[in-house]
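Just so it is clear, none of the values below were taken in a lab; they were calculated from the coordinates. Please read all numbers here as calculations on a predicted model, not as lab measurements. Neighbour counts run over all protein chains shown; Cβ positions are idealised from the backbone, glycine included.
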Amino acid sequence: MGKDTRTLEQKAADREAGEAKVAALQDKLAGAVQELVTGEDWRAAIEFMARFRARSFGNNVLIRQHHLALHAAGLVPHPTPTLLAGIKTWNKLGRFVIKDQPGALIFRPIKARMASRTPDNATSWRDLKKGEHPKPGEVVKSRVVRMGTARVWDVSQTHGKPLAELPQPQLLQGAAPDGLWDGLAQIVAERGFRLLDAPDAAYLDGANGQTHWLKHTVHVRRDMDPAARAKTLAHELGHIALHSIDDVDAVVHRGVAEVEAESFALAIGAAHGMPTDQYTIPYVSGWASSVRGSSPVEVVQATAERVRKAAIAILDRLETLQVPDGKLPAADQEHGHHQGQAAAATAGRTASVRAPWAAASPDDGSARPEAGAQVQGPGL
């Protein structure tokens, strides 16, 4: 990269233009999130997020809205993208964006390098200038200094060298993905819960599954097909991964906590190619308006991001064949991601990476539950 020859005035103008672009994109995202009205809208958004889990929920919302508009205009053949990357990455792979194909504008973190000889001392870090090397004995790390924007294109918007196809899960009706139940059960046990069979729904007061916080047990009905049992176990693990006995909303089986657990199960299922039409989410405005001190848009974004992070943490642990996450096997140098997807797929699963832009979870000020209270699955 050549030397930056811009004047201070030009740099300030470019910085101001960049900030205006980010602000406009934030407004666009807020508008897109507000359009997630019904439970079906939310289900579709979470399924999309699960298939493009390497990127933040906010960027997924923007990509999905953009691609649907392109499909409606006849510019892309399918309503859902498959592989996304920036133009430089496509060019490195011998593929080139087709003329007049607009890329999706998304958030991109702008990072700065810092160096320190005593990294445990928070005040010892200093910024490294562009092109500056650390001094001998210094440790280097990066930090996000502000948000910028970038564009990504789907593979259907490019032409050139063919790409190797990654393996896709193929499931029979009622079948669970190979290894999913055992993998989830192992994680449940690692979290200190004992997994038990329940003979039927009557045993669980009409539910398919139940997590008891005080007894540290998880029950799943045994009179269901393997796919339904795996879905239910994922839901209960969602409660364990996202909640605790101190979460009153989780304990009384309502509101955002139940949406999080069901969305977590949906994400785990979608990442394994399981049908998602059996997952039921209540009307978005109901639970999104239930958190005091936060707007519904903030609650939706924070809830989805919590689900995404929790699902990725579990998916990374599972030795299962998973749906590719929408990132290319090569390193995406433009956005600071490195994806070992091809090697992982060869080993029998698809790896995931963390997206850098994420919403913080709101504090809803929940009170403490009474001892012995339990969380019960939705019975769906």
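Amide H to amide H distances under 5 Å link TRP213 with VAL375, where only residues 5 or more positions off or on other chains count and H is placed in the peptide plane.
Scoring 317-325, 159-167 by mean Cβ neighbours within 10 Å over their residues and listing the highest first yields 317-325, 159-167.
Rounded to two decimals, the Cα radius of gyration of segment 92-186 over 2.2 N^0.38 Å is 1.82. A dipole drawn for segment 103-176 from +1 and -1 charges on Cβ atoms has a positive end, and of MET114, GLY103, LEU172 the residue lying farthest that way is MET114. For segment 1-103, the alpha-carbon coordinates run over 51, 35, 26 Å along the three principal axes, in decreasing order. Per-residue 3J(HN,Hα) values for segment 145-158, derived from phi via the Karplus relation 6.51 cos²θ - 1.76 cosθ + 1.60 with θ = phi - 60°, read 9, 6, 9, x, 10, 8, 10, 10, 10, 7, 4, 5, 9, 10 Hz in sequence order (x marks Gly and Pro). Remark on ILE98: its backbone amide H falls under 5 Å from those of THR158, HIS159, a criterion applied only to residues 5 or more positions apart or on other chains, H modelled at 1.01 Å from N.
Backbone phi angles across segment 230-243, fed through the Karplus curve with coefficients 6.51, -1.76 and 1.60 (θ = phi - 60°), yield HN-Hα couplings of 5, 4, 5, 5, 5, 4, 5, 5, x, 4, 5, 6, 9, 10 Hz in residue order; Gly and Pro are listed as x. Placing a label point 7 Å from the Cα of LYS88 along the Cα-to-Cβ direction, the residues of segment 111-131 with a backbone N closer than 15 Å are 111-112, 131. According to the square roots a ≥ b ≥ c of the eigenvalues of the Cα gyration tensor, what is the shape class of segment 66-133, taking rounded for a/c under 1.5, prolate for a/b larger than b/c otherwise, and oblate for the remainder? Verdict is prolate for segment 66-133.
Based on Cβ point charges of +1 for Lys and Arg and -1 for Asp and Glu, what charge dipole magnitude is obtained for segment 84-184 about its Cα centre, in debye rounded to the nearest 20?
It works out to roughly 880 debye.
Computed over segment 38-167, the percent of Cα pairs more than 25 Å apart is 44.
Given Cα positions, please report Rg to Rh for segment 144-282, the hydrodynamic radius being the Kirkwood one.
Values: Rg = 18.6 Å, Rh = 17.1 Å.
Rg/Rh: 1.08.
With the convex hull drawn around the C-alpha atoms of segment 111-152, the volume per residue stands at 94 Å³. The length gained on full extension between GLN168 and ASP246, counted as 0.36 nm times the residue separation minus their Cα-Cα distance, comes to 24.2 nm. Sequentially through segment 18-28, phi angles give Karplus couplings (6.51, -1.76, 1.60; θ = phi - 60°) of x, 5, 5, 5, 5, 4, 5, 5, 5, 5, 5 Hz, Gly and Pro residues having no value and appearing as x.
A Förster radius of 41 Å combined with the Cβ-Cβ distance from GLU190 to SER295 puts the calculated FRET efficiency at roughly 0.65.
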